Amino acid sequence: MTVTKSPQRKRRSGGEAAEQRAEQFIAGASEAADTSASGQSGKPHKKRQKHMTTLRFDTELLRRIDAAAERHGISRAAWISYTLSRVLDDEGIG
């Protein structure tokens, strides 16, 4: 099997800032997973709880969400979580 380079994504205005926020979000998720899984940091780790919820989306909107998630190489749930987190940060809602 041949390994090929991923195609370059088109960047919109402000794309670099958005890309940087995405990288920080993803890095934060992996760091949290590492510390909770290993428990070797010496510090008590407060595990963030996640709650399951049900959302209903129009078929066309769900198709667009899935396309965006695929473009970023993440799951639908991760894309929704990241996008909502970004909007809340942009609006200063903490």
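Brief remarks follow.
- Boolean, residue 60 is free of Cβ contacts under 8 Å to residues at least 40 places away in the same chain, in a helix (DSSP H, G or I) and within 19 Å of residue 18 (Cα to Cα): no
- Checked against (1) in a helix (DSSP H, G or I); (2) within 16 Å of the chain's Cα centre (by Cα), residue 74 passes all but a single condition, namely (1).
- When residue 35 is tested against (1) modelled with pLDDT of 75 or more; (2) assigned to a helix (DSSP H, G or I); (3) β-branched (Val, Ile, Thr), just one condition goes unmet, and that condition is (1).
The values are calculated or read from the model by the stated rules, or taken from the named source; none is laboratory data. This structure is a prediction, so every number in the text was calculated from the model and none was measured. Ideal geometry is used to build each Cβ from the backbone, glycine not excepted, and the neighbour counts take in all protein chains shown.
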